[in-house]
């Protein structure tokens with residue numbers, strides 16, 4: 001197959017990259033983050049939110065510098081193949097696929113569950129399937145329409161948080177609905193509670209790193225990726241803080257710590273029908289935006305691995321008309337459906353988060369190697385991450401702290417996850433590696449860049 | 001049949017339609033690719 005036939009279309013701008021990153025993450029502000037309140041209390045939740053904000057700001061900066069140099073599908077996978085070799089690249093690619101496919105399955109399940117709350121006569125099953133099939137169809141038809149759609153639904157969902165904020169009249173102390181001092185429980189478990197809250201604090205931002213996976217499809221990677229990813233991070237920091245502020249002021253910490261839909265519950269507390277309906281719509285749209293972005297990212301990781309021969313090349317085909325990795329997109333649909341119907345939502349999400357955290361560890365190590373192999377001035381960078389190596393050290397330290405917090409509640413899941421990736425690595429090293437075309441793997445970068453230092 | 005059941009049916013129908021559309025296109029593309037390879 002000629003080389004140019006195997007490349008995706010370059011149609012995306014910064015807005016699409018913003019929509020991809022924020023779209024995947026925003027669902028975490030509508031649900032999931034509030035378990036930080038159960039672990040660390042109201043104050044612990046906001047401390048965990050901002051500490052995780054530091055982790056993700058570091059991650060986005062590190063990721064964006066490397067991503068702006070490597071305009072290839074697969075994001076962190078593509079970085080790993082250049083800076084860490086085929087085995088690490090295979091693991092990172094697999095982790096990305098599992099992170100996003102499992103998150104996509106969980107999002108679709110939640111859409112079904114939310115619709116069921118409208119009437120017990122609604123059957124959630126066809127709506128779960130419709131969500132997954134509909135968004136897969138959109139992805140199949142082209143990335144431009146997919147991410148334009150994601151921009152619209154993400155922006156609507158994000159704006160509903162502001163509607164909720166202003167509906168509380170927080171700016172008029174006499175008539176404000178917020179009772180933060182009364183509903184807050186401070187730091188009931190002290191500093192150890194904050195450590196425990198980290199694993200749920202990631203919900204505020206988990207997935208923003210997915211912006212790098214669409215690097216190949218940007219019209220100008222050096223501009224779109226930094227602008228889209230960094231504005232996305234700012235958007236999320238503002239959204240996360242407002243979410244904590246509104247929910248903590250409207251819902252008592254006892255209920256907030258165990259709520260399934262915290263923003264929706266906060267809307268219910270305002271007793272304003274318009275706000276309640278808007279937050280209901282926002283919750284559904286945020287789930288759909290997340291699932292949509294996850295399909296885009298998972299398929300790009302799978303496609304990139306196949307194109308580099310780490311998995312069968314069959315999945316590297318590009319649709320002749322829509323220029324999408326159509327085989328990879330369709331292949332991952334039944335897998336997402338299968339994860340969705342295990343009924344183990346908690347386990348599926350934990351495995352997704354574990355996979356993401358492992359990718360962050362790899363990313364920090366890759367950044368050290370990248371700066372050593374290609375020091376400043378040796379190649380053109382679209383974005384320069386400030387404060388190196390402190391951003392990578394912070395990323396490494398906070399990811400390890402989050403994994404430590406996760407260990408207390410989910411050690412068995414973590415053990416199973418590690419075992420899975422060790423077995424996958426063994427399969428790759430003992431069986432698949434002989435089919436890998438090592439020259440083809442790094443040919444694109446090797447043609448563009450000078451020989452790295454030390455090689 | 002009430003409104004909710006109609007809605008459930010619509011969701012099933014739409015899912016089937018989209019799957020069929022993707023399936024048909026997939027078959028068309030694979031056939032074209034196979035004949036291209038033969039040539």
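What follows draws every value from the coordinates through simple rules; no lab data is involved. Bear in mind that the values here come from a model prediction, so they are computed numbers and not experimental data. With ideal geometry, Cβ positions are generated from the backbone for all residues, glycine too; neighbour counts draw on all protein chains shown.
Volume per residue for the range A:261-310 equals 50 cubic angstrom (convex hull of Cα atoms).
Modelled this way, with points 7 Å down the Cα-to-C-beta line, the labels at residue A:7 and residue B:2 are 5.7 nm from one another. Across chain A, the relative contact order, built from alpha-carbon pairs under 8 Å that are at least six residues apart, equals 34 percent.
Distance from the alpha carbon centroid of the range A:102-177 to that of the range A:323-391 works out to 24 angstrom. Taking the square roots of 5 times each eigenvalue of the Cα gyration tensor of the range A:77-137, largest first, gives ellipsoid semi-axes of 36, 10, 6 Å.
Spin-label model, residue B:16/residue A:434: points 7 Å from Cα along the beta carbon direction are separated by 4.8 nm. Applying the Kirkwood pairwise sum to the alpha-carbon positions of the range A:111-173 produces a hydrodynamic radius of 14.3 angstrom.
Take the convex hull of the alpha carbons in the range A:343-382; its mean projected area over all directions comes to 3.8 nm². Look at where the Cα atoms of the range A:3-60 and of the range A:395-433 average out, and the two centres are 21 Å apart. Values of log10 I(q)/I(0) for the range A:175-256 across q = 0.11, 0.14, 0.23 Å⁻¹ run -0.47, -0.66, -1.12, by the Debye formula with one identical scatterer at each alpha carbon and no solvent. Calculation over all alpha carbon pairs of the protein assembly as shown in 20 angstrom steps from 0 returns a P(r) of 24, 57, 18, 1 percent. Here is the size of the range A:59-208 from its Cα atoms: Rg then Dmax, 20.8, 62 Å.
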